[in-house]
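Enquirer: Before we start, here is the structure in question, set down as C-alpha cells.
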Amino acid sequence: TKGRHRDHMGNEIDEQPLVAQRVVDALAPAITDGLLWRGLGLPPLDEIDRVAIIGCGTSLHAGRAIAGVFSRVGGLPTRALVASEAAHEVWEPRTLVIAISQSGETADVLRALQGLPAEHGTVLALTNNPSSSLARRADAVIDCLAGPEIGVAATKTFVAQVLTGVCVALSGLTVSHRADATLLDADVRALTATPEALSTARDTWRGPAATLAAEFARASGFLFLGRGAGLVYAAEGALKLKELSYRWAEHQPAGELKHGPLALVDAGTPVFIVDDGDPRLEVDIAEVTARGGRVIRLGERILRVGGLPLHLPRTGPSWGPLETVVPLQMFARELALRLHRDVDKPRNLAKSVTVS
Ligand code: BG6
C-alpha cells in the first residue's frame, strides 16, 4: 500500500529508520563474541587473507561501504568489484567472497560466481530474498530484512544491506586478532545510534530537499564529491539522481577535482559534498565556490559560536556517514517529481536484471 506519499519510493525512503532499527535489533546483539559470524558458518577471519565483495549498482555501493569496516577496523585487504567485470579477476585462495544483491537474481552477480575457482574460499550471499538463486548458490546466506521494495531505484534495501553487512563484518572482527579494539567499540556504538541518525536526516531534509529541487530544476549537470568513507554516499547520490531525474550526475573523489572535474564548475553548478570529517574538504569547497559553484554540504557537524559556524572534526564510523544518503535520495525524488518523472519506474530500468 502507498502510505504518506503518492509513490512507493517516498514511503520506502521514510521507512528507512524502521528498517535500520529492525536490522540493528536482530543482529547487533549477536555481534559480540562473533556469534553472528559463527552462526553463519563462516571461517575465522584469521584464516582469511582478503575479502572480495561483488554487486551491481546500489548493491555495489553497499559493498563499498561494508568494505570500509573490514579494511579500516580489521586491516584486511578488501575490494568491492563490479560484478559484470569480475570475470577478469585473478582469484586467490583464502578469499571470502561476499555477493550482494537485493533480488538475488541479478545475472551479472550469478555469472561472476560461476567464474570462481572451486578452491577460492567461501561465498556469503547478502540479499533481500533468502530463497533466490544467489542464496541457493552461496555457502552462507544472510537476509538484509528490508521487506518488499517496489520502487525500482533501491533505497531501503541499500540501508538494510549496509547495516547487515556492517554487523556481519563487526561480528567477524570481534574474534579476530587483527581488529583495532577502539575502532571496533566505536563502531558498535555508532551502529545503535544509526536509526536515530537516519530519522533526524529524514525529518530535517523534508522541506529543504523540495526547495533545492526547485532551485536546480533547470540544472543540466550535478557533481557529487566526497573523500574517504564519504565517497560511496556521493556515488549513491549521483546514481539516484541519474536514475530518477535523467539528468547527468558525476561522482568523484574530491581530491580529483583539480585533475579534471573542476572544468565543469561554473556559476550556479550544483556540487554536493559528502563530508566524512576530512579537513581537506575545506580546500575543495573553496575551489568550487571560487568558480561560483553552489555547494550543498551534507554530513558535517557544525556548532554556532556567536552566530559564526564552527565546523567540528567528525570521527564517524568505518562505514562512513550513512545518514547522508537520505537527503540525497529525497533530493533526487523531489527533482524527479518536479520534472514529472515516474519515480517508481524510471525509464529503461528494471528492478531486477536477469540477463547479462
Ligand atoms: C538494477 C536496479 O537493475 O539492479 C538497481 O535498478 C539495483 O536498483 C541493481 O541496484 C542491482 O540489483 P540487485 O537486485 O542485484 O541488488
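The values are calculated or read from the model by the stated rules, or taken from the named source; none is laboratory data. This structure is a prediction, so every number in the text was calculated from the model and none was measured. As a convention, Cβ positions derive from the backbone with ideal geometry for all residues, glycine included, and neighbour counts pool all protein chains shown. SASA here: full protein model, heavy atoms, side chains in, ligands and nucleic acids out. Shrake-Rupley method; radii C 1.70, N 1.55, O 1.52, S 1.80 Å.
Enquirer: Considering only the range 129-158, state which residues are of a type in the set (Lys, Arg), away from the ligand (no atom under 12 Å from the Cβ) and over 16 Å from Gly55 (Cα atoms).
Expert: Within the range 129-158, just Arg136 meets the criteria.
Enquirer: I'm checking my understanding of the structure. Among residues of the range 47-60 that are free of Cβ contacts under 8 Å to residues at least 60 places away in the same chain and not in a strand (DSSP E or B), which one is farthest from the ligand (Cβ to nearest atom)?
Expert: Checking each candidate, the answer is Glu47.
Enquirer: Within the range 27-46, identify whether any single residue is free of Cβ contacts under 8 Å to residues at least 40 places away in the same chain and in contact with a helix residue (DSSP H, G or I) (Cβ under 6 Å, 6 or more places away or on another chain), and answer yes or no.
Expert: No: zero hits.
Enquirer: Being outside any helix (DSSP H, G or I) and within 22 Å of the chain's Cα centre (by Cα): is that true of Glu243 here?
Expert: Here the answer is no, as Glu243 does not meet what is asked.
Enquirer: Could you check the range 61-105 and list, in sequence order, the residues that are in contact (Cβ under 8 Å) with a residue 40 or more places away in the chain, open to solvent by 10 Å² or more (accessible area, probe 1.4 Å) and either within 15 Å of the ligand (Cβ to nearest atom) or touching a Cys at 6+ places or on another chain (Cβ under 9 Å) (or both)?
Expert: If the condition is that a residue be in contact (Cβ under 8 Å) with a residue 40 or more places away in the chain, open to solvent by 10 Å² or more (accessible area, probe 1.4 Å) and either within 15 Å of the ligand (Cβ to nearest atom) or touching a Cys at 6+ places or on another chain (Cβ under 9 Å) (or both), then His61, Arg64, Ser84, Gln102, Ser103, Glu105 are the ones that fit.
Enquirer: Among the numbered criteria (1) away from the ligand (no atom under 11 Å from the Cβ); (2) in a loop (DSSP other than H, G, I, E, B); (3) under 29 Å from Leu241 (Cα atoms), which single criterion is violated by Gly165?
Expert: Among (1) away from the ligand (no atom under 11 Å from the Cβ); (2) in a loop (DSSP other than H, G, I, E, B); (3) under 29 Å from Leu241 (Cα atoms), the lone unmet condition for Gly165 is (2).
Enquirer: I'd like to verify a number: residues in the range 112-132 that are assigned to a helix (DSSP H, G or I) and either at pLDDT 95 or above or open to solvent by less than 30 Å² (accessible area, probe 1.4 Å) (or both), how many?
Expert: 3
Enquirer: Right, something else. Run Ala179 past the list (1) out of contact with any Gly (no Cβ under 6 Å at 6 or more places or on another chain); (2) assigned to a loop (DSSP other than H, G, I, E, B) and report the number of the one that doesn't hold.
Expert: Answer for Ala179: the failing condition is (1).
Enquirer: List the number of the failed condition for Gly151; all other conditions in (1) in a helix (DSSP H, G or I); (2) over 23 Å from Trp37 (Cβ atoms); (3) modelled with pLDDT under 95 hold.
Expert: (1)
Enquirer: Give the residue, chosen from Asp33, Asp108, Asp25, that is in a helix (DSSP H, G or I), at positive phi and not polar (S, T, N, Q).
Expert: The unique qualifying residue is Asp33.
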